[in-house]
Amino acid sequence: MITLHHLDQSRSFRILWALEELALDYQVKFYKRLPTFAAPPELKLVHPLAKAPVLTDDHQTIAESAVILQYLQETYDEKQKFKPQNKKDQHQYRYWMHYAEGSLMPLLVMQLVMSNVPKHVPWLIKPVAQKITAGVKSGFIHPRLKDHISYLEDYLSKHDYVAGEFSFADIQMWFPLDALQSRTSGSYPHISAYIKRLSERPAFQRAKFKEQNLA
Ligand SMILES: N[C@@H](CCC(=O)N[C@@H](CS)C(=O)NCC(=O)O)C(=O)O
């Protein structure tokens, strides 16, 4: 039996969506974030790092979104609908699978951490914390994010999906792009159109409906 260990407001939505695309039988174990926004300790019983998503399939325990997506595709996508079949698109498929968590997410996480630091320090040093984190954001994070956004806007102005037709690489990319759109103030027409295209998929809608009814 496939079990998705799902943390609320998290990357594990990717896997819920993939399971719906594959129309598989699965169960979801729901974990609620602690007030600190960390995963609850029960998730440690499934995987020592207590990060979501984690998927268990009979005796296997699989962590990391990209690895889970690849596992599901290789194991259950009998008609090879969710991975490109030609070499050029397969290269893109691998690239975007890694880029999402290896290049784009670290910047978004860093930005989130920097924004939260001043909220969690004693009031006396708040102004100092604000100054330091604003400096890191404007001097380090924002110029790099700007480059990523231009790169993605350009790529998505020429491609409806990241690797040929819709594939699991799009599921992997959806999360950072959705986070980028909701956490930054800019307007990104091609990224927005891509997110809209993905969110109109019936499997995405089913996964959203399931997620909303899990808590
Ligand atoms: N690269 C990992 C990241 C996993 C990750 O950081 N998940 C977050 C949720 S989006 C988490 O479990 N956070 C809880 C915590 O850090 O306590 C993946 O793609 O699966």
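The values are calculated or read from the model by the stated rules, or taken from the named source; none is laboratory data. Computed from a prediction, not measured in an experiment: that's the story for all the values here. Every residue, glycine among them, receives a Cβ derived from its backbone with ideal geometry; neighbour counts consider all protein chains shown. For accessibility, only protein heavy atoms count, side chains too; no ligands or nucleic acids. Shrake-Rupley method; radii C 1.70, N 1.55, O 1.52, S 1.80 Å.
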- Task: Could you tell me whether segment 75-83 includes any residue that is outside the structural domain of residue 176 (by TED's automatic domain parsing), farther than 22 Å from residue 199 by Cβ and modelled with pLDDT under 95?
- Result: no
- Item | Filter result for residue 191 (out of contact with any His (no Cβ under 7 Å at 6 or more places or on another chain), under 27 Å from residue 12 (Cβ atoms), within 13 Å of the ligand (Cβ to nearest atom) and touching a residue at least 12 places away in the same chain (Cβ under 8 Å)) | no
- Message: Restricting to segment 152-162, and then to whatever is assigned to a helix (DSSP H, G or I) and among the acidic types (Asp, Glu), can you tell me which residue is surrounded by the most Cβ atoms within 10 Å (Cβ to Cβ)?
- Response: 153
- Item | Long-range neighbours under 6 Å by Cβ, at least six apart or interchain, first residue open to solvent by 80 Å² or more (accessible area, probe 1.4 Å) within segment 136-149, second at pLDDT 95 or above and not charged (D, E, K, R) | 144/107
- Message: Every residue in segment 62-79 that is within 10 Å of the ligand (Cβ to nearest atom), within 14 Å of residue 97 (Cβ to Cβ) and open to solvent by 10 Å² or more (accessible area, probe 1.4 Å), please.
- Response: 64, 66, 67
- Within segment 184-191, is even one residue out of contact with any Gly (no Cβ under 8 Å at 6 or more places or on another chain), among the hydrophobic types (A, V, I, L, M, F, W, C) and under 22 Å from residue 70 (Cα atoms)? no
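The rows are residues; the columns are (1) at positive phi; (2) of a type in the set (Val, Ile, Thr).
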residue: 43; (1), (2): no, no
residue: 57; (1), (2): no, no
residue: 64; (1), (2): yes, no
residue: 71; (1), (2): no, no
residue: 75; (1), (2): no, yes
residue: 78; (1), (2): no, no
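Here's the yes/no breakdown for (1) open to solvent by less than 70 Å² (accessible area, probe 1.4 Å); (2) more than 23 Å from residue 37 (Cα to Cα); (3) in contact with a Leu (Cβ under 9 Å, 6 or more places away or on another chain):
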| position | (1), (2), (3) |
| --- | --- |
| 92 | yes, yes, no |
| 101 | yes, no, no |
| 106 | yes, no, no |
| 109 | yes, no, no |
| 114 | yes, no, no |
| 120 | no, no, no |
| 126 | yes, no, no |
| 130 | no, no, no |
- Could you list, in sequence order, all residues of segment 7-51 that are more than 10 Å from the ligand (Cβ to nearest atom), in contact with a Lys or Arg (Cβ under 7 Å, 6 or more places away or on another chain) and open to solvent by less than 10 Å² (accessible area, probe 1.4 Å)? 16
